[in-house]
Amino acid sequence: MTVPAGKYGVLMGRTGSGKTTILECILGLRTIETGTIRLADEDVTRLNPAMRGVGYVPQDKALFSKMTVREHLAFALSIRQASNSVINERVDDLAESLNISHLLERTPRGLSGGEQQRVALGRALSFRPRVLCLDEPLSALDSETRKQMCQLLEDISRKEQVTTLHVTHNVDEARQLADCLFQLVDGKIEPLETAIKTT
Amino acid sequence: MSDGPEADRDNKSDHTSAARNVSVSNTAFMVSLGIIGGTYVSLIVAMLVADTWYMAEKSVNAAEAANSWTKLFVENPIAAALTDRKIRYSIWLSLTSCTLSAVFSLLVAVPIGYLLSRHQFRGKRLLDAVLDIPIVLPPLVVGLSLLILFQYRPFAWIARDVVYQLPAVVLAQFSVACAFAVRTMKSTFDHINPRSEQVAITLGCSRAQAFGSVVLPEASRGMMTSFTLAWARSLGEFGPLLIFAGATRMKTEVLSTSVFLELNVGNIEAAVAVSLIMILAAVTVLVITRRWGLRDVTV
């Protein structure tokens, strides 16, 4: 499976087919026995997850309950010991792009599903990752919010110019977002037709 | 099989009747639960009320005998206990030793609880079982085992400074309280989504950074519960203390030992007064745990 740089790849598969496991391998959270994982021509197969530069939005969002939205967006840059001005600029920029500027001082508790999803997306994008991995990011949203999030994902991936791998079992979602589409069947990844975007 | 409105009416009637039956049996069930639970709750409340009533009765009798109601406030058994040098020492030692024991318990419970909750390793079930031993062992056996342990090297080298000395008080309390703290911390970490930690690692954290900046803050309420449980458990510890630290007045005497010593000399008023002080401390801890700690931790 190869996703060209800056493109939006979608991996489809049934529930339990191993989509999340593949993401975990790319993220380095799970070791692989055979094969290689290359990001921008660099072999990262044995690289520590922290060194891979892959942003991750898990299915359950896994927000940090004790942190404010601002702290979520600043977290990765704080770990990298970026200066306050750089952090603030990035946080404000992301918050505006994701339309969560009004939520910056709130904690995840009480945020709607869509708002939490945007915070998780902002947290993953904050350190300008080489690749963004999205695990069923729209599965728990109602149809209206899902449409809005689809549009947001499209806009933000274009704006950030980040290579994205989005796993889902939803065909409509895949059609709207994918530059290249893959399917996971019986443990094997097969490319489907490319550039099937309907928009 | 009948059709039409009549049949519908019959069916509705059957359903209503069934629902009523369920309702009746449910009421009986709830009443049974209420009686069983209420009996135990009544026993707990009755014990506390009896202690307080006994103390109030003795105070009023003393005031009536002295024909001075002002003495009700200055010469009641609790006031007398609080002015007794020996009891004040045991209060001070209890507060200090329980706090030290709870701090040590938390320092041990956090890493062990995390290890048990997050990692699979050989011997995990054995470790899990070993950690339950202090909970199920009779308290006297814990004390005796500690005493025997300090007969052998390397513990024997420091036995003179530990056994029947102040460190023995803390060690005896810690030996039991820590097991409860570990159980609480394991349950706390079980409740924290491991995915948060994984996300933190993908954001650039080392394992230690992810633990310190994401897991520990999320575990703060559990740590509070763990600390207070260990503290309360240490306060109530008696058996291991008696065997391993002794019951020397003004030396290794804590509140539970004071109750024992006062009872031994027939001073029931003082024993009940110290018990009430312990109840007050325990209730305070309980309130703190309920207010700021986890409410759904299973130990």
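No lab work stands behind these numbers, since they all come straight from the coordinates. All values reported here derive from a predicted model rather than from experimental measurement. In this analysis, Cβ positions are derived from the backbone assuming ideal geometry, glycine residues included, and neighbour counts consider all displayed protein chains.
Here are the numbers:
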item: Listed residues B:264, B:26, B:76, most fluctuating in chain B (Gaussian network, C-alpha, under 10 Å); result: B:26
item: Fewest-first ranking of A:7, A:188, A:159, A:61, using other Cβ atoms within 10 Å as the exposure measure; result: A:188, A:159, A:7, A:61
item: Between the range B:97-174 and the range B:182-231, the Cα center-to-center distance that results, in Å; result: 23
item: Violating pairs (Cα-Cα greater than 29 angstrom) within the set A:61/B:186; A:61/A:159; A:7/A:188; A:188/B:186; B:186/B:251; result: A:188/B:186; B:186/B:251
item: Order by protection proxy (mean Cβ within 10 Å, highest first), peptides B:31-40, B:147-156, B:167-176, B:82-91; result: B:167-176, B:82-91, B:147-156, B:31-40
item: Sites residue A:143 and residue A:1 - FRET efficiency at Förster radius 51 Å, r taken between beta-carbons, to 0.05; result: 0.95
item: With 5 Å bins from 0: P(r) over the range B:102-236, alpha-carbon pairs, percent; result: 2, 10, 17, 18, 17, 14, 9, 7, 4, 2, 0
item: FRET efficiency, 1/(1 + (r/R0)^6) with R0 51 Å, evaluated for residue A:21 and residue B:95 via beta carbons; result: 0.45
item: DSSP-assigned coil residues among trypsin sites (Lys or Arg not before Pro) in the range B:223-299, each with at most 10 further Cβ atoms within 10 Å; result: B:295
item: Extension gain from residue A:102 to residue A:172, taking 0.36 nm per residue of separation minus the Cα-Cα distance; result: 22.1 nm
item: Between the range A:17-32 and the range A:141-165, the Cα center-to-center distance that results, in Å; result: 22
item: Positive-end extreme of charge dipole, the protein assembly as shown - chosen from B:182, B:170, B:259 (charges on Cβ); result: B:170
item: Debye, to nearest 20: dipole size of chain B, +1 on Lys, Arg Cβ, -1 on Asp, Glu Cβ; result: 1180
item: Separation in nanometres of the label points that stand 7 Å from Cα toward Cβ, at residue B:135 and residue B:265; result: 3.9
item: Compactness index (Cα Rg / 2.2 N^0.38 Å), the range B:117-181; result: 1.30
item: Ascending count of other beta-carbon atoms within 10 Å, so fewest first, for B:205, A:150; result: A:150, B:205
item: Ellipsoid semi-axes in whole angstrom, largest first, where each is sqrt(5λ) of the Cα gyration tensor of the protein assembly as shown; result: 58, 34, 23
item: Highest-fluctuation residue, B:137, B:106, B:203 considered, GNM on chain B with Cα pairs under 10 Å; result: B:203
item: Gain upon complete extension [residue B:155, residue B:85; 0.36 nm per residue less C-alpha separation]; result: 21.9 nm
item: Cβ-derived FRET efficiency at R0 25 Å, residue B:122 paired with residue A:31, nearest 0.05; result: 0.85
item: Dipole axis of chain B (+1 Lys, Arg; -1 Asp, Glu on Cβ), positive-most option in B:140, B:268, B:211; result: B:211
item: GNM result for chain A, Cα springs below 10 Å: residue of A:25, A:133, A:180 fluctuating most strongly; result: A:25
item: log₁₀ of I(q)/I(0) at q = 0.13, 0.23 Å⁻¹ - the range A:1-131, Debye sum with one point per alpha carbon; result: -0.62, -1.38
item: D (Stokes-Einstein, µm²/s), Kirkwood Cα radius, the range B:143-299, 0.890 mPa s at 25 °C; result: 137
item: Chain B: equivalent-ellipsoid semi-axes (sqrt of 5 x gyration tensor eigenvalues, Cα, Å); result: 44, 36, 18
item: Reciprocal mean inverse distance between Cα atoms of the range A:105-177 - Kirkwood radius, Å; result: 12.8
